[in-house]
Amino acid sequence: MRAKRNCASSACVLALATLAACSEVSPELDRAASDGDAADPSSLRVDARYLTHLAFAGSDGRLFYGSFDQTAELGQLTRSYGAWRGDEESWRALLDTQDTLPVPRAGWRLLPDRDMQVRVGDAGQIVSLAFQVEDAAEVRSEVRLRVGEEISTWTGPTGQRESLGMAVFDADGASSLGVLFFRRAARALGIPGTVDPSRTFVLADSLGNAMVIHAGSDQAPSVAHAWLHGVASSWDGLIFERADSVGTSARWRFEIPGTDLRGNIRARPAQIPGAPTVAIDCVLFAGDERFRFSGLSAELPSP
């Protein structure tokens with residue numbers, strides 16, 4: 001187990017509230033490669049495939065999932081972008097883009113679309129994503145994901161960069177505070193892709209606690225990353241298994257050897273055809289303490 005104390009939970013909740021209240025910084029929409037680009041392991045200067053995943057779990061049950069797949073080859077960038085918003089009842093599509101463009105200076109960066117604006121920081125980090133949506137009366141409005149401070153960063157089981165941080169999701173005139181799981185991976189096209197998709201669970205509660213679980217496979221072990229009472233911890237060797245399903249809801253259970261942490265997860269079916277993610281509930285037991293999480297689960301492919 002690896003643990004690091006960063007701040008108390010109350011301070012994290014305060015930081016989330018500050019993020020929701022403060023005006024957003026205004027970085028350029030995109031800019032030339034910077035020192036931050038060179039330091040990013042996914043900044044390959046050869047034909048490559050890049051995958052970026054964003055999964056937001058709000059303290060009030062609101063959810064966001066974005067999958068951004070782009071391949072740079074022979075001077076062309078082929079994109080496949082998808083984004084969805086959800087809650088405890090249903091999922092709705094925000095973005096569905098497939099096209100081909102000239103390769104930009106940094107092929108790993110997300111590019112704006114007719115229905116999506118991208119704001120980035122000085123080192124190319126995502127600051128916000130804004131989506132234009134239309135209701136049944138053809139009235140257009142904006143849905144926005146605002147990225148806040150990172151809580152912890154690590155290298156995933158197959159070498160990809162992953163992090164857990166704070167974020168705010170704005171929709172329907174309301175702001176939802178929560179946590180954001182970020183994952184970016186890349187592969188040169190000359191290297192075969194061999195890793196199967198892994199199921200990932202992103203969980204949050206109303207007190208600023210959070211957890212990310214990667215269910216293992218033959219090629220990678222099960223791992224967990226948690227933010228509980230202001231302490232960032234991570235474990236490998238997680239015992240994770242699919243339990244019996246009840247109706248249409250899949251169930252899982254897990255425990256962390258050498259600790260008193262164990263839990264149960266229940267998934268709710270997605271409500272739109274083809275949605276790659278489902279809403280979930282989780283009860284985590286830590287000794288005599290009980291955490292009640294909600295969030296989402298998705299199968300994350302490798303490039």
*Sort the following peptides by mean Cβ neighbour count (other Cβ atoms within 10 Å, averaged over residues), highest first: 283-290, 164-171, 227-234, 258-265.*
164-171, 227-234, 258-265, 283-290
*Karplus couplings for the stretch 65-75 from phi (6.51 cos²θ - 1.76 cosθ + 1.60, θ = phi - 60°), rounded to Hz, Gly and Pro as x?*
9, x, 10, 10, 10, 9, 10, 9, 8, 6, x
*Regarding the stretch 157-228, what are the three Cα extents along the principal axes, ordered largest first, in Å?*
46, 25, 16
*Calculate one ³J(HN,Hα) per residue across the stretch 175-190 by plugging θ = phi - 60° into the Karplus curve 6.51 cos²θ - 1.76 cosθ + 1.60, and present them in order as whole Hz with x for glycine and proline.*
10, 10, 7, x, 10, 10, 8, 10, 9, 10, 9, 8, 8, 5, 5, x
*Compute the signed sum of charges (Lys and Arg +1, Asp and Glu -1) over the other residues within less than 13 Å, Cβ to Cβ, of residue 288.*
0
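We did not get these values from a lab; they are worked out from the coordinates using the rules stated. Predicted model, so just to flag it, every value in this text is computed and none were measured. Every residue, glycine as well, gets a Cβ built from its backbone with ideal geometry; the counts of neighbours run over all protein chains shown.
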